[in-house]
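Here is the structure we will look at, set down as structure tokens.
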Amino acid sequence: MKPKVIFALLFTALALTATPAGAKIQRFPASFRTQDIKTDGATIHVRVGGKGPAVILLHGFGDTGDMWAPVAAALAGKHTVIVPDLRGMGLSSHPEGGYDKKTQGGDVARVLDALKIDKADLVTHDIGNMVGYAFAAQFPSRVTRWVIIDAPLPGIGPWDEILRSPMLWHFNFRGPDVERLVKGRERIYLDRFYNELSANPKAIDEATRRHYARLYARPGNMHAAFNQFAAFTQDATDNKVFLDKGKLTMPVLALGGDHSFGTQMADIMRVVASDVSQDVIANSGHWVMEEQPRQTTAKIVAFINKD
């Protein structure tokens with residue numbers, strides 16, 4: 001079967017009138033602490049809480065680690081939960097380089113080292129998927145299981161076809177003039193993603209949109225975000241090298257929004273991993289934690305706590 005084009009059901013999704021169970025930005029439990037951890041060329045802002053086997057949660061573009069608050073709260077009773085902001089995003093530092101995902105996989109390793117954690121379960125979304133693969137491929141013994149959610153891996157599976165989707169013009173939208181166009185209009189730019197890549201834009205409420213617009217308007221944040229996309233060509237090259245060394249063997253749950261990647265997430269992951277199960281987030285586009293937080297959290301927790 002020919003791979004689905006990314007977000008092929010977009011316009012059908014936007015026609016839906018039912019309002020899914022979206023939620024406002026939640027706070028992390030009061031027991032969580034924050035700290036800044038120096039890695040190779042960056043300082044990573046990290047939230048840490050709970051007790052038990054470790055889980056690290058990686059966000060993507062349009063979000064920060066703040067997206068994971070409901071999952072962190074649900075896991076903290078049995079797990080040590082680590083939630084970084086990726087290099088150049090959120091409250092992490094903004095180095096000029098290092099936005100290839102191989103380097104950022106090293107950031108994840110250095111965060112765990114600083115916390116004296118040898119291995120962890122992994123939960124990722126969007127660009128966090130790409131960082132997660134680079135981490136797992138370089139340090140496979142440090143990942144015990146992985147939940148990967150709704151975004152492809154550069155150079156893997158149907159990547160070339162995905163790149164031809166007109167929905168993904170932003171992959172090549174960067175440069176000094178682009179940054180001048182977006183400066184002061186971060187909210188408008190982010191609204192495009194929330195509105196067009198969701199099953200129902202109303203699920204992403206005003207408070208959430210304002211929250212992330214403020215963070216992405218911080219000096220250096222949007223420049224770094226564009227650099228995340230600029231690195232995709234290098235990421236594709238690196239990923240093919242990783243794959244040549246063999247498939248990942250840890251259990252993987254591939255989740256896709258039913259109005260976004262759906263079961264194609266599992267198809268992609270079976271290229272790079274040998275033990276892949278699949279599930280779908282109902283009534284959701286790409287923004288699963290904003291659109292369907294309870295459903296998404298339940299599926300993540302069930303897999304992480306699986307014997």
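The values are calculated or read from the model by the stated rules, or taken from the named source; none is laboratory data. Note that the structure is predicted; figures quoted are calculated from it, not measured. Neighbour counts run over all protein chains shown; Cβ positions are idealised from the backbone, glycine included.
Details
- Test: K306 is part of a loop (DSSP other than H, G, I, E, B), out of contact with any Gly (no Cβ under 6 Å at 6 or more places or on another chain) and either over 19 Å from G60 (Cβ atoms) or in contact (Cβ under 8 Å) with a residue 24 or more places away in the chain (or both): yes
- Residue match in segment 36-52 (condition: β-branched (V, I, T), assigned to a loop (DSSP other than H, G, I, E, B), crowded, with 17+ Cβ neighbours inside 10 Å and at pLDDT 95 or above): yes
- Annotation: of all residues in segment 144-190 being in a helix (DSSP H, G or I) and in contact (Cβ under 8 Å) with a residue 60 or more places away in the chain, the one that is nearest to H79 (Cα to Cα) is L190.
- Restricting segment 286-303 to residues that are buried (at least 23 other Cβ atoms within 10 Å of the Cβ), in a helix (DSSP H, G or I) and of a type in the set (A, V, I, L, M, F, W, C), the residue that is farthest from the chain's Cα centre (by Cα): I300
- Hey, T233 in contact (Cβ under 8 Å) with a residue 60 or more places away in the chain, farther than 26 Å from W68 by Cβ and part of a helix (DSSP H, G or I) or not: yes
- Scanning segment 60-112 for residues being in contact (Cβ under 8 Å) with a residue 40 or more places away in the chain, part of a loop (DSSP other than H, G, I, E, B) and on the phi < 0 side of the Ramachandran plot gives a total of 19.
- Only residues that are of a type in the set (D, E) and either part of a loop (DSSP other than H, G, I, E, B) or exposed (fewer than 15 other Cβ atoms within 10 Å of the Cβ) (or both) were counted across segment 191-230, and they come to 2.
Matching residues to (1) touching a Gly at 6+ places or on another chain (Cβ under 6 Å); (2) of a type in the set (V, I, T); (3) modelled with pLDDT of 95 or more; (4) closer than 23 Å to F173 by Cα:
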site: A199; (1), (2), (3), (4): yes, no, yes, no
site: D205; (1), (2), (3), (4): no, no, yes, no
site: T208; (1), (2), (3), (4): no, yes, yes, no
site: R214; (1), (2), (3), (4): no, no, yes, yes
site: A231; (1), (2), (3), (4): no, no, yes, yes
site: D235; (1), (2), (3), (4): no, no, yes, yes
site: F242; (1), (2), (3), (4): no, no, yes, no
site: K245; (1), (2), (3), (4): no, no, yes, no
site: T249; (1), (2), (3), (4): no, yes, yes, no
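- Exactly one residue out of L255, L248, L243 is buried (at least 17 other Cβ atoms within 10 Å of the Cβ) and within 17 Å of the chain's Cα centre (by Cα): that is L255.
- Any hit, segment 31-51, residues being closer than 25 Å to D238 by Cβ and of a type in the set (G, A, S): yes
- So G262, is it closer than 29 Å to V178 by Cβ, touching a residue at least 24 places away in the same chain (Cβ under 8 Å) and not in a helix (DSSP H, G or I): no
- Of all residues in segment 273-285, none that is surrounded by 15 or more Cβ atoms within 10 Å (Cβ to Cβ) has its Cβ atom under 7 Å from the Cβ atom of a residue that is among the polar types (S, T, N, Q) and part of a strand (DSSP E or B), 6 or more apart or on another chain.
- Single residue of segment 88-147 satisfying the filter (β-branched (V, I, T) and in contact with a Gly (Cβ under 7 Å, 6 or more places away or on another chain)) that is nearest to A217 (Cα to Cα): I127
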